[in-house]
Amino acid sequence: MKLTFFGAAQRTTGSKYLLEINGHRLLIECGMYQGHRDKSTEYNTTLPFDPSSVNAMVLSHAHIDHSGIIPVLCRDGFHGSIHCTDATADLCNYMLLDTAHIQEQDAVFINKKRAKKGLPPIKPLYTQTDATDSLKQFSPIPYSTPTRILDGVTLTLLDAGHILGSAIVVLDLEENSRHVHLVFSGDLGRGHNDILRDPEIPRDIDYLMIESTYGNRDHEPLADVNATVCRIINHAVEHRGKVIIPCFAVGRTQQILYTLSQLVQTRCIPSLRTFIDSPLAINATAVFRTHLECFNESFRAVMQNGSNPFAAPNLTYVGSVEQSIGINALREPCIILSASGMAEAGRIRHHIKNNIEDPSATILIVGWCAAHTLGAHLASGDKQVAIFGESFRVRCHVETINAFSGHADRTELRNWAGKLTGPMKGIFVIHGEPEPATTFADTLRQLHPQSNIRTPVFQDTVEF
Ligand SMILES: [Zn+2]
Ligand SMILES: [Zn+2]
């Protein structure tokens, strides 16, 4: 048995791990590399292995850094099944099509520039047709249901509590009557989530692959979040301003809707008109409404007792561009949730542009923003920012809440890892930049001193 790290090794994006067993190849994740444009093109266009040599694939969750290159894999020769939960398959349906649409738009933009220089056009990374075709290979399995997916490979998906449908991948491997229990954490949630269950604890582990995104730092305490949101909304109401929330379409949007509905119910804030202005967020919210099996008990009860936060009377799902532009004319306090979360693309940029010089408006950043993005500039307190090539003075309020993270922080990762049992012969620390990965590896050495703990790099191979 052999495992090769083809992505998210001393990095957080581009997850791809290839397991070889009994002459078969199982690919774990097929994520998009997200970073510098030249590198992205290089890493995302050509896979570092022959797609037609892969027999099956496992996908832990729908985030693009784990799923985004599946259409390339399938187009270039992979014909096997892609195993994941039902909710992950449903989310991928929208997310891969949305990503394909972005790739097509990018290619049009680049080709206009190339045409002016007399250069030949480039093709998009993949098209909506490629994405639609790849969706036919998805073969969902329920949580906690051991399933034979290849000769000598039994897969069980446990809840990772990270986003809807997210899973910890448990692989029971058998080769020449040798048994190995390999566990891949996927991305781990924080636990105590309003909507999702806590990450489950796999047992009897021989080898572990564990994420380390926040392996070197803790998030803000969760307890203060409702009070902070309450203060921000009431301030906007008092000043008759709009609250603009750049928001990831999957997970964060639904979490914010629930937080707002709770604050309305407890009369901490008035019931303001709230717009969900992102086609992907609208589709993702529809997927949430059909997957009650992924919710924790208390949220399932909320959904079943008629107080569905995704169908509150003050919500408007904004489909068309005309409707989106129409929000501008509104002269009353309201809340606008729109993608993208880092304010780098999508309708959110228009809402920010239209309100950034209004002292009564508030921009509320609720997610991590990569360096150099508009969201990061706003969060770091810049007084002048560029939007669509124009310069704007930041005259509105800007607020940041970091506690909504979907990732376990240092303490939460350590607590999860501390509960794991089994021989733990080897631990591979992945899905983290070099600093958090190495810091977390040191933490793991204290928890599991008997383990051989490594932070693999791109194309490292280990044999079991
Ligand atoms: Zn994720
Ligand atoms: Zn990830």
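The values are calculated or read from the model by the stated rules, or taken from the named source; none is laboratory data. Quick caveat, the model's predicted, so the values are computed rather than measured. Positions of Cβ are generated from backbone atoms using ideal geometry, with glycine treated the same way; all protein chains shown enter the neighbour counts. Please note that ligands, DNA and RNA were not included when accessible areas were found on the heavy atoms of the full protein model with its side chains. Shrake-Rupley method; radii C 1.70, N 1.55, O 1.52, S 1.80 Å.
Which residues, taken from region 401-430, are part of a loop (DSSP other than H, G, I, E, B) and within 16 Å of ligand 1 (Cβ to nearest atom)?
Here is the first cut: in region 401-430, the ones part of a loop (DSSP other than H, G, I, E, B) are 401-409, 419-425.
Within region 401-430, F404, S405, G406, H407, A408, D409 qualify.
Starting from region 181-193, take each residue that is under 29 Å from V302 (Cα atoms) and within 16 Å of ligand 1 (Cβ to nearest atom) and list its partners that are of a type in the set (G, A, S) and not in a loop (DSSP other than H, G, I, E, B), counting only C-beta distances under 8 angstrom and pairs at least six apart or across chains.
Matching pairs, first to second residue: G186/A167.
Is region 186-204 home to any residue that is within 16 Å of ligand 2 (Cβ to nearest atom), part of a loop (DSSP other than H, G, I, E, B), open to solvent by 20 Å² or more (accessible area, probe 1.4 Å) and more than 20 Å from I21 (Cβ to Cβ)?
Narrowing region 186-204 to residues within 16 Å of ligand 2 (Cβ to nearest atom): 186-190, 196, 199.
Going one step further and asking which of them are part of a loop (DSSP other than H, G, I, E, B), we end up with 186-190, 199.
Subsequent filtering for residues that are open to solvent by 20 Å² or more (accessible area, probe 1.4 Å) retains 190, 199.
Then keep just the ones that are more than 20 Å from I21 (Cβ to Cβ); that gives 190, 199.
Yes, some residue in region 186-204 is within 16 Å of ligand 2 (Cβ to nearest atom), part of a loop (DSSP other than H, G, I, E, B), open to solvent by 20 Å² or more (accessible area, probe 1.4 Å) and more than 20 Å from I21 (Cβ to Cβ).
Only residues that are under 23 Å from K39 (Cβ atoms), open to solvent by less than 60 Å² (accessible area, probe 1.4 Å) and not aliphatic (A, V, I, L, M): list them for region 101-134, please.
Q103, E104, D106, N111, P124, Y126, T127, D130
Would you check if I102 is of a type outside the set (S, T, Y), in contact (Cβ under 8 Å) with a residue 60 or more places away in the chain and closer than 25 Å to H24 by Cα?
No; evaluated as a whole, the condition is false for this residue.
Out of S67, S40, report the one residue that is within 16 Å of ligand 1 (Cβ to nearest atom) and free of Cβ contacts under 8 Å to residues at least 60 places away in the same chain. Reasoning before the result, please.
Values: S40 fails: within 16 Å of ligand 1 (Cβ to nearest atom).
Checking each option against the conditions leaves just S67.
Of the residues T45, T4, T12, only one is within 29 Å of G341 (Cα to Cα), more than 15 Å from ligand 2 (Cβ to nearest atom) and in contact (Cβ under 8 Å) with a residue 12 or more places away in the chain; which?
Numbers: T4 fails: within 29 Å of G341 (Cα to Cα); T12 fails: more than 15 Å from ligand 2 (Cβ to nearest atom).
Just one listed residue meets the conditions, T45.
How many of the residues in region 135-149 are in a strand (DSSP E or B) and either of a type in the set (S, T, Y) or open to solvent by 40 Å² or more (accessible area, probe 1.4 Å) (or both)?
The total comes to 2.
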